[in-house]
Protein chains: 2
Amino acid sequence: MSFAERLAAAVIHSDTCLCVGIDPWADRLPGRGALSNPTRPELAELARRFGLAVVDAATGQVPAVKPQFAFFEALGPEGMAALADVCVAARAAGLLVIGDAKRGDIGSTATAYAEATLSAHAPFPCDALTVSPFLGPDTVEPFLSVAEANDRGLFVLLRTSNPGSARWQEPVVTDLSSWIDAQNAERGEYGPLGAVVGATHRDVSLALRAAMPHTWFLVPGFGAQGGSAADAKVALRPDGLGALIVSARGATFPSVPSPDYDANPVGWIRARIGATRAELAAG
Amino acid sequence: MSFAERLAAAVIHSDTCLCVGIDPWADRLPGRGALSNPTRPELAELARRFGLAVVDAATGQVPAVKPQFAFFEALGPEGMAALADVCVAARAAGLLVIGDAKRGDIGSTATAYAEATLSAHAPFPCDALTVSPFLGPDTVEPFLSVAEANDRGLFVLLRTSNPGSARWQEPVVTDLSSWIDAQNAERGEYGPLGAVVGATHRDVSLALRAAMPHTWFLVPGFGAQGGSAADAKVALRPDGLGALIVSARGATFPSVPSPDYDANPVGWIRARIGATRAELAAG
C-alpha cells in the first residue's frame with residue numbers, strides 16, 4: 001500500500017487524527033531530576049527511554065508519532081542511536097513514524113538524507129519525512145523518488161505555525177501549494193506529498209484545504225503553540241481524513257515537574273494522550 | 001574574535017578563499033573497492049578515515065572545510081560519530097569548520113540544532129552552520145543567539161546553485177538579502193550572518209554582492225556543478241574578502257577509480273587541493 005493509503009487506514013482504524021510528537025526535551029525528561037550533572041550519553045539514554053515510553057503509551061491510541069530529530073541530534077551520536085531505536089520500536093508497534101527533520105538539499109545530498117530515513121534499510125526508519133522546499137522543486141524530487149520506491153511519504157513545509165512564517169512563505173504559497181497538489185493529483189485521490197500547515201492561521205488553513213484536495217496536511221500548533229482543536233480541525237476534509245494533527249509537549253510532559261510522571265511515565269503519557277484525543281474529538 | 005573576524009584572518013593567512021567540502025560519498029570512499037559487501041558501520045569507518053584524510057590534506061592550505069551532514073547521517077549513528085570526529089579534528093588542526101546541514105526549525109527546536117553544532121560543548125562542533133530561512137526571521141534568531149554567544153557564524157540559504165533555485169527563492173531574495181545585510185550592518189563591517197549564493201548564476205551573484213556589503217558569501221557550484229573560477233569570484237569584494245568558494249568532490253575524489261588515490265588518499269587530496277587553489281587564483 002502507498003503511504004497515503006496506509007495513513008488513511010491508520011486514521012480510520014484509530015478513530016483519531018492525533019499524531020503524538022516525541023520531543024525529548026533534555027531538561028524535563030523522566031528521571032532527569034535524579035541526575036545532578038548528567039553527561040550527554042546519560043541524557044541520550046533518558047531520551048531513548050522517554051521515546052520508548054511515548055511509543056508504548058501511543059500504541060493502539062493514535063495512528064502516528066512524530067520524533068523531532070533536533071532534540072536527538074543535540075545529544076550527539078548517542079542521541080542519534082536513541083532516535084534510531086525509537087523509530088524502529090514505533091514501526092514495530094504498528095505506529096506510523098513521521099520523521100520531523102525538515103531536511104532539504106540538492107541532488108545526491110538530498111538522496112542521502114532520504115536514504116537515511118525512507119529507504120528499506122534506513123538507519124532512522126520513518127514512514128514519512130518533513131522536508132523544506134526552499135531550494136526548489138528539483139530538490140524535492142530526489143526525496144520523492146526514494147519515498148515512492150519504498151511506499152513512504154513526505155510533508156513539505158508550506159505554512160508553518162510560528163508568528164514569522166508569512167514573511168518568506170506567503171510570497172510562494174500559491175505556487176507551492178499548486179505544485180504539491182498537482183504532483184498528488186497525477187497519482188490518485190491522495191498522493192505521497194503532504195504539506196505542513198500550522199493550526200495557528202485559521203483562514204490560511206481553510207483556503208489551503210479548499211485548494212489542495214489531494215494532499216494530506218500535517219498540522220502542528222495545536223495546544224501548546226496556541227491553536228485550538230477547532231482551529232486545527234479546519235485542515236480536515238468533510239470525511240474526517242486529510243490531516244494529522246500534532247500534539248507534542250502537551251501530550252507528553254507535565255506543565256510542572258511531577259513525581260507521578262517520573263514514577264510511571266508510560267501510564268502518565270497514556271492517560272494524557274487519551275485526554276488529548278478526547279479534547280480533539282470534542283473541539 | 002567574532003566569526004567574521006576569524007574568517008577574514010584565516011582567508012588572509014591562507015592566501016586563498018577556497019573551502020574544501022567533505023562529502024563522504026559511500027560508493028567512492030578510499031578503501032571501498034576492497035570490501036565486497038560492506039556493513040553500514042564499516043562504511044562509517046571509511047567515511048571517518050576519508051574525512052580525517054581531507055582534514056590532513058587541507059591543513060595549512062585553506063582556511064576552512066565544509067562537512068556535508070547528509071552523507072554522515074545516511075551511515076547511521078556510527079556515521080554521526082564519524083562526523084563528530086572529523087569536526088573535532090578539523091578545529092584542532094586550525095581549520096574553520098562550516099557545517100553544511102541546512103537546518104531550520106522554530107523556537108526551542110532551532111535552539112537544539114544550534115546547540116548540536118555551535119555551542120561551547122557541541123557534539124558536532126562547527127564554526128558556522130548553513131541554515132534555511134524559509135520558516136521566517138523568528139526562526140533564524142535562535143540560531144543567531146547561540147552563534148553570537150559562542151563567536152560562531154551562520155550561512156543562510158539565499159540563492160542556491162541548483163537549476164530550480166529561482167522558483168521559490170527569487171520571490172523573496174530582495175527582502176531576505178536586505179534582512180541579512182541589515183542584521184550584519186548593526187554589528188560592524190562584517191557580521192555573523194553569511195549567505196549561500198551559488199556560483200552558477202553570475203548576474204544574481206553580482207547584484208547580491210553589490211547589495212550586501214556586510215555579508216560573507218558561501219559559494220557552492222564551483223567546478224563539478226559547472227561554475228567557473230571567474231563565475232565564483234564575482235562573489236568577492238575588491239579586497240579579496242567576503243566569500244568562501246567551495247570545491248567538494250572535485251577537490252577530494254578522482255573522476256574515475258584510481259589505485260593512486262586508494263594507496264595514498266592524503267597525498268592525492270593534498271595535491272588536488274593545491275591544483276584547485278591554483279585554478280581559483282588564476283581564474
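The values are calculated or read from the model by the stated rules, or taken from the named source; none is laboratory data. As the structure is a prediction and not an experimental result, all values here were calculated from the model. Here the Cβ positions follow ideal geometry from the backbone for every residue, glycine too, while neighbour counts run over all protein chains shown. Please note that ligands, DNA and RNA were not included when accessible areas were found on the heavy atoms of the full protein model with its side chains. Shrake-Rupley method; radii C 1.70, N 1.55, O 1.52, S 1.80 Å.
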Query raised in the report: For the pair B:Leu206 and A:Glu42, how long in nm is the line joining their label points, each one 7 Å along Cα→Cβ?
Result: 6.0
**Report entry** Helix B:137-149 vs. chain B, principal-axis angle (Cα, 0 to 90°, nearest 10)
**Finding:** 70
Report summary line: Largest first and rounded to whole Å, the semi-axes √(5λ) derived from the alpha carbon gyration tensor of the range A:164-265 read 30, 16, 12
Report task. Would you jot down the residues in the range A:166-180 that end up with at least 10 Å² less accessible area in the complete protein assembly than in the chain alone, with a 1.4 Å probe? Result -> A:Arg167, A:Trp168, A:Gln169, A:Pro171, A:Val172, A:Asp175, A:Leu176, A:Trp179
Report task. Calculate the translational D of chain B in whole µm² s⁻¹ from Stokes-Einstein, where the hydrodynamic radius comes from the Kirkwood formula applied to all Cα pairs, the temperature is 10 °C and the viscosity 1.306 mPa s. Result -> 85
Query - Cα-projected label distance for A:Leu35 with A:Asp239, points at 7 Å along beta-carbon direction, nm - result: 4.7
Report task. Note down, for the range A:229-283, the three equivalent ellipsoid semi-axes (square root of 5 times each alpha carbon gyration tensor eigenvalue), biggest first, whole angstrom. Result -> 27, 10, 8
Query - Magnitude of the charge dipole, the range A:151-283, Cβ model with Lys/Arg +1 and Asp/Glu -1, debye to 20 - result: 200
Requested in this report: May I ask you to report, in nm to one decimal and beginning with the shortest, the distances from A:Ala185 to the same position in the other copies, taking label points 7 Å along Cα-to-Cβ?
Outcome: 4.3
Query raised in the report: If you take the Cα atoms of the range B:1-45, find Rg, then find the Kirkwood Rh from the mean of 1/r over all pairs, what is Rg/Rh?
Result: 1.29
Requested in this report: Rounded to whole Å and sorted largest first, list the principal axis extents of the Cα atoms in the range B:56-124.
Outcome: 38, 24, 20
Query - Under 20 Å from the A:Glu186 label point (7 Å along Cα→beta-carbon), backbone N, the range A:91-111 - result: A:105-108, A:110-111
Query raised in the report: Per residue, what accessible area does chain B have, given a 1.4 Å probe and all protein chains present, in Å²?
Result: 34
Requested in this report: Using only Cα positions of the range A:1-134, each an equal point scatterer, no hydration layer, compute I(q)/I(0) via Debye at q = 0.13, 0.19 Å⁻¹ and quote the log10 values to two decimals.
Outcome: -0.55, -1.07
Query raised in the report: Which of the residues in the range B:57-100 show a loss of at least 20 Å² in accessible area from their chain by itself to the complete set of protein chains, at a probe of 1.4 Å?
Result: B:Gln68, B:Ala70, B:Phe71, B:Glu73, B:Ala74, B:Pro77, B:Met80
Query raised in the report: Given H placed on each backbone N at 1.01 Å, which residues far from A:Ser161 in sequence or on other chains put an amide H within less than 5 Å of it?
Result: A:Gly198
Query raised in the report: How do B:Leu206, A:Leu135 stack up against each other in accessible area, from largest to smallest, with a 1.4 angstrom probe?
Result: B:Leu206, A:Leu135
Requested in this report: Could you give me the percent of Cα pairs per 10 Å distance bin for the protein assembly as shown, shortest bin first, beginning at zero and ending with the bin that holds the maximum distance?
Outcome: 4, 19, 29, 26, 16, 6, 1
Query raised in the report: Given only helices, namely DSSP H runs of n ≥ 4 each adding -39500 (n - 2.57), what is the per-residue ellipticity at 222 nm of the protein assembly as shown, to the nearest 500 deg cm²/dmol?
Result: -14500 deg cm²/dmol
Report summary line: If R0 = 60 Å, then B:Ala281 and B:Asp138, at their Cβ-Cβ distance, give a FRET efficiency to the nearest 0.05 of 0.90
**Report entry** Calculated label separations, B:Asn37, copies of the chain, 7 Å along the beta-carbon direction, nm
**Finding:** 5.0
Query raised in the report: What is the interface area between chains B and A, defined as buried accessible area summed over both chains with a 1.4 Å probe, reported in Å² to the nearest 100?
Result: 4600
Query raised in the report: With heavy atoms of protein chains only and a 1.4 Å probe, what residues of the range A:125-152 have at least 30 Å² less accessible area in the full set of chains than alone?
Result: A:Phe134, A:Leu135, A:Pro137, A:Asp138
Report summary line: Given a Förster distance of 35 Å, the FRET efficiency implied by the Cβ-Cβ spacing of A:Ile12 and B:Asp27, rounded to the nearest 0.05, works out to 0.25
Query - For A:Pro163, inter-copy label distances in nm, listed shortest first [label point 7 Å out on the Cα-Cβ vector] - result: 4.2
Query raised in the report: Highest GNM mean-square fluctuation, chain A, Cα pairs closer than 10 Å: which of A:Pro123, A:Pro133, A:Pro238?
Result: A:Pro238
Query - Carbon and sulfur %, accessible surface of the range A:3-282 computed with the full protein complex present, 1.4 Å - result: 53
